[in-house]
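The values are calculated or read from the model by the stated rules, or taken from the named source; none is laboratory data. The shown structure was predicted, so the numbers you read here are calculated from the model rather than taken from an experiment. Cβ coordinates were reconstructed from backbone atoms using ideal geometry, including for glycine residues, and neighbour counts include every protein chain displayed. Remember, those area values only see protein heavy atoms, side chains included, never the ligands or the DNA or RNA. Shrake-Rupley method; radii C 1.70, N 1.55, O 1.52, S 1.80 Å.
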Amino acid sequence: MTILIRRGTVIGVTTRHVADVLVRDGLVVDVAERIDAPAGTTVIEAEGCWVGPGLVDLHAHLREPGREEAETIESGARAGAVGGYSAVVAMPNTEPALDNVALVSYVLERGARSVVDVAVAGAITQGRRGELLAPMGEMARLGVRLFTDDGDGVQSASVMRRALEYAKPLGVRLAQHCEEASLVDGGSMNEGPLSGRLGLLGRAALAEEVMVLRDLALVRLTGSPLHFLHLSTRRSLDLVAAARAEGLPVTCEVAPHHFTLDEGSCATYDPTFKVHPPLRSVDDVAAVRDALINAGCDAVASDHAPHAPELKDLAFDEAPAGMLGLEHTASLTLEGLGGVDASPQRFFDLLSRGPARIAQLRRADERTTLSGHGGEVSVGEDANLVLFDPAARWRVDARRLQSRARNTPYDGRELLGRVRATIVRGRLVVNDNELV
Ligand SMILES: [Zn+2]
C-alpha cells in the first residue's frame, strides 16, 4: 500500500514544517516540500493537521482473557486505532492474570492479528496476589518490557524490593499502581469533606503518596528503574519531580480523567465517575495539569478500563472502578495542554515519544512482530503515524464508540482536536475518523 499525506504539518521533536509524506511497504520513504503521487496511491489531504508518530498507550485494560463481554483484544485495538494509537500496552489484570509465558503468548498472537500493535505488560507477582514473583525472566524473553500488578499496588515492601532487584539485570521496567491498601480499604471516592457529605467512604491521597515515597526509597536502594502509573495528587508529582532531580531512574504518567474531572463529579453518585485512584480535589487536578504542561510527567496514559453495562449499573460504592479512555485521550490531552495554545511537540512527547521510550517500543522487535513507534516522521522509519486535526470539534457519543463497553464519563461532551487518520505498519487503518 502506498499512501501520500499531502500538506500536513509534520511535528518533529523540536520542529514543525509543512510537507508531503510518502509511505510505502510499511516505511516512510519520502518527506519533501512536494511529492508527486505515484499511480495507485491513496492520497490524504492533511492541511491543518499535525502529522506525527502514532500514539502509544502505556495503560489499556483489554480484558481478554476472562472479561470478553467488556472488551476483547480486537475491539480494544479498534478503539485504540480510532483514538490515534499505533500501539497499546495490554495490562495484565485479566482473568487469569498475565503472569506466565503461555498467557503472554496468547495475547501477543491475538494482538498480531489486530489493527494496532499490542504489547503486553506482564504481572510482577503470580496471580497479582503480591506474594510470589512471577517468572519475569521467561516473559522478558518473549519481549515483555513492562511488569505491573496494576489494579493493585504491590503491597509488601520486601516483595517489591525483590522484584526490583530481579528486574534490573533483565533490562525491564516495573510499573506501580500506587495505593496503600490499608488506607483505601472499602473507599470509593477521594477522601475529604465531600466524601463525608456524600456519605461515601474515601480513598486518601495519602494512600498514593505513601507508596510513592516507599517505592522511591526502594529505587534509591536498588537502582532499578520504576514507572509510576496514573499519579493523581500534587504531592505525588512533587515527590517524583524531586526524585528525578536527584537522578533516580523514575518515570511517571498521568491519566486524562485526573486533569479534566474532579471529585465534584462523584456528587452525581453516577458510577461512571468511579476510578482508582479516584478523581481528586480541584487543587490536585490543577497540579496534574501543571505537570502535563511543564514536563512534570513523561506520558499521558488512557487507563482505558471497560466494564459491561450491568456492572456499571450498580450503586456507586459497589460498582467496579474504571472508565473508557482510548477513543478520547488525544483530544483531552490537547485540552489539558491549553487547547488552541497547546504545544504540538509536547502533545507527541506525552502521547507517543515518552510512552514508546518507557515501553521500549522505539525499535521493531522480531520476537513479538512489533514495529517501531514514537520516532521522527523521517525516511526509513516504520510508518506508524497519526494525523490529528487540532482545530476540529466533535461530540463524544457513547453509542458510537468502537469499544464494547459504554462507560465513558465524557458522553455528550464537546471536545477540541480529533484524530483524522491512523497509519499502522504502513496500512491506513483509520481515515476520516472511521475504521477503514
Ligand atoms: Zn491502576
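Side notes on the structure shown:
- Taking 0.36 nm per residue of separation and subtracting the Cα-Cα distance, full extension of the segment from R427 to V18 would add 145.0 nm.
- Rg/Rh ratio calculated on Cα atoms of the stretch 178-313 (Kirkwood radius): 0.98
- Equivalent ellipsoid dimensions for the stretch 282-354 as semi-axes, Å, which come from the Cα gyration tensor, largest first: 28, 14, 10
- On Cα atoms only, tilt of 73-82 relative to the major axis of the chain in degrees: 60 degrees
- Seen against the Cα atoms of the chain and their longest principal axis, helix 157-170 is set at about 30 degrees.
- For A37, the shell of other residues with beta-carbons less than 12 Å away shows a net charge of -1, using +1 for Lys and Arg and -1 for Asp and Glu.
- Scattering profile of the chain at q = 0.06, 0.11, 0.12 Å⁻¹ [log10 I(q)/I(0), Debye over alpha-carbon scatterers]: -0.22, -0.78, -0.93
- Net charge of neighbours whose Cβ lies under 13 Å from the Cβ of D149, counting Lys and Arg as +1 and Asp and Glu as -1: -4
- For the chain, a Gaussian network of Cα nodes joined below 10 Å ranks P256, P344, P96 by mean-square fluctuation, and the top entry is P96.
- Considering only V120, V29, V82, the Gaussian network model of the chain with Cα springs below 10 Å gives its largest mean-square fluctuation to V29.
- Within the chain, DSSP assigns beta bridges of which about 50% are antiparallel (rounded to the nearest 5).
- Selected from N190, N384, N294 as most flexible by GNM, with the chain as the system and alpha-carbon contacts under 10 Å: N294
- Descending principal axes extents, the stretch 36-85, alpha-carbon based, whole Å: 49, 23, 13
- Surrounding net charge for S188, when Lys and Arg each add one and Asp and Glu each subtract one, Cβ distance under 9 Å: 0
- Helix 282-293 and the longest principal axis of the C-alpha atoms of the chain enclose an angle of approximately 40°.
- Taking the accessible area of the stretch 313-370, probe 1.4 Å, and keeping the other protein chains in place, the carbon and sulfur fraction comes to 46%.
- Positive-end residue of V56, Y85, A46, charge dipole of the stretch 44-91 with Cβ unit charges: V56
- Summed over qualifying helices (DSSP H, 4 residues or more, each -39500 (n - 2.57)) and divided by its residue number, the chain shows a 222 nm mean residue ellipticity of -7500 deg cm²/dmol.
- Most simply put, the stretch 107-227 has about 10% antiparallel DSSP beta bridges, counting only bridges with both residues inside it.
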